[in-house]
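The values are calculated or read from the model by the stated rules, or taken from the named source; none is laboratory data. All values reported here derive from a predicted model rather than from experimental measurement. Neighbour counts run over all protein chains shown; Cβ positions are idealised from the backbone, glycine included. Remember, those area values only see protein heavy atoms, side chains included, never the ligands or the DNA or RNA. Shrake-Rupley method; radii C 1.70, N 1.55, O 1.52, S 1.80 Å.
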Amino acid sequence: MGLRGSKPTFDDSSNVVYFIQIPLRGLRVPNLSPFPLKLETYLRMAKIPHESIMISTLSSKGKTPWIRHRGKDVADSQFCIEYLNKQFGVNLNEHLTKEQQAVSRAILKMVEENLYWVLVCYRWFFMNPKDMGLSQNIPSLIFAFIRRRVRKYANGQGMGRHSQEEIFHIGKLDLQALSNYLGEKKFLFGDQPSETDCSAFGMLAQFVFSNIESPHCALIKKEFPNLERYCHTMRNTFWPDWDQVLKGDASSTKL
């Protein structure tokens with residue numbers, strides 16, 4: 001099972017990937033950060049043996065998640081994927097044309113550099129903390145400290161300078177673009193999943209399964225039901241143990 005809170009012990013002679021994520025277990029999603037959910041979905045999709053370790057230690061870049069493999073630490077979810085692709089000979093995008101690869105890159109950046117900040121602003125500025133879907137309550141003083149810190153980052157990025165209505169509008173346009181491109185396809189590029197599905201699912205799952213009181217969740221259900229269907233498809237395909245993971249009952253090593 002994954003470790004929680006204790007100092008991990010790594011077996012650097014093993015080929016198992018140690019997948020380190022901060023302990024933000026949600027009531028309805030395995031992690032309230034979309035990036036650990038993205039990376040673990042990739043590990044499952046690529047069938048790479050891994051062990052999930054939930055501790056508060058951030059990567060060398062001050063981010064979550066990160067991995068350790070054969071004594072090497074790799075930070076940033078996308079760099080982790082690129083590293084693992086090389087180490088394990090994985091290419092989840094080999095079925096994509098060059099044009100689809102370009103679209104994939106654009107979707108990745110829209111989701112992780114724009115829609116992510118919509119999620120952050122709504123979650124930390126506009127939502128009731130009780131509706132965030134945390135598996136445990138955050139003390140009010142700690143929540144206030146995190147909120148101030150997040151506001152500083154959001155203002156620096158730019159999204160935090162907009163009004164609530166403007167942020168909702170920006171998020172709606174991103175969700176509409178995803179919905180339009182997905183259409184009736186099973187995955188973003190057809191019947192076969194790709195790396196970008198991991199990123200899209202990691203983000204959309206936060207709206208569909210976790211932030212159920214948010215206006216974006218209501219928007220998806222009303223105007224973009226194919227995104228909700230897509231999230232259920234991804235969850236059922238790569239997370240058959242979703243409920244057990246939420247309860248802490250599932251094994252953390254996937255083969």
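Springs between alpha-carbon pairs under 10 angstrom, Gaussian network model over the chain: which of Gly89, Gly183, Gly26 fluctuates most?
Sorting by GNM fluctuation, first place goes to Gly89.
Do the sum for the chain: with -39,500 (n - 2.57) for every DSSP H run of n ≥ 4, divided by all residues, what is the mean residue ellipticity at 222 nm, to the nearest 500 deg cm²/dmol?
Taken over the chain, the calculation gives -14500 deg cm²/dmol.
Rounded to whole Hz and in sequence order, give me ³J(HN,Hα) for segment 208-215 from the Karplus expression 6.51 cos²θ - 1.76 cosθ + 1.60, θ = phi - 60°, writing x for Gly and Pro.
Calculated HN-Hα couplings, in order: 6, 9, 9, 7, 6, 9, 7, x Hz.
Assuming 0.36 nm per residue, please report the length gained on full extension of the stretch Arg229 to Arg161 beyond their Cα-Cα distance.
Computed gain between Arg229 and Arg161 is 21.2 nm.
Could you report the chain's accessible area per residue, 1.4 Å probe, as an integer in Å²?
I get 48 Å² per residue for the chain.
Positive end of the charge dipole of segment 117-239 (Lys, Arg +1 and Asp, Glu -1 on Cβ, about the Cα centre): tell me which of Phe187, Phe125, Phe201 has its Cα farthest that way.
Phe125
Do any of Lys47/Lys185; Lys47/Lys247; Lys86/Lys221 go past 31 Å between their Cα atoms, and which? Mind dumping the intermediate values first?
On the way: Lys47/Lys185 23 Å; Lys47/Lys247 23 Å; Lys86/Lys221 39 Å.
As for pairs spanning more than 31 Å Cα to Cα, those are Lys86/Lys221.
If you stretched the chain out fully between Lys152 and Asp11, how much longer would it get, using 0.36 nm times the residue separation minus the C-alpha to C-alpha distance?
Length difference between fully extended and current span is 46.9 nm.
What nm distance separates the two modelled labels at Lys61 and Lys185, each placed 7 Å from Cα along Cα→Cβ?
Result: 2.6 nm between the two label points.
Over 27 Å between C-alpha atoms is what I'm after, so list which of Lys109/Lys152; Lys186/Lys222; Lys38/Lys152; Lys72/Lys130 land there. Please report the intermediate quantities before stating the final value.
Values: Lys109/Lys152 21 Å; Lys186/Lys222 19 Å; Lys38/Lys152 25 Å; Lys72/Lys130 38 Å.
Violating the 27 Å Cα-Cα cut-off are Lys72/Lys130.
When the chain is treated as a GNM, springs tying every alpha-carbon pair under 10 Å, which of Ser194, Ser13, Ser60 comes out with the largest mean-square fluctuation?
Ser13
Express the carbon and sulfur contribution to the solvent-accessible surface of segment 1-154 as a percent, rounded to the nearest whole number, probe 1.4 angstrom. Please list the in-between numbers first.
Working: 4020 of 7770 Å².
Carbon and sulfur atoms account for 52 percent of the accessible area of segment 1-154.
Bin width 5 Å, origin at 0, all Cα-Cα pairs of the chain: what percent of pairs per bin?
1, 6, 13, 18, 20, 18, 14, 8, 3, 0, 0
Of all DSSP beta bridges in the chain, what percent run antiparallel (nearest 5)?
Of the beta bridges lying entirely in the chain, close to 60 percent run antiparallel.
What FRET efficiency, computed as 1/(1 + (r/R0)^6) with R0 = 51 Å and r the Cβ-Cβ distance, is obtained for Ser140 and Ala177, rounded to the nearest 0.05?
Computed FRET efficiency for Ser140 and Ala177: 0.85.
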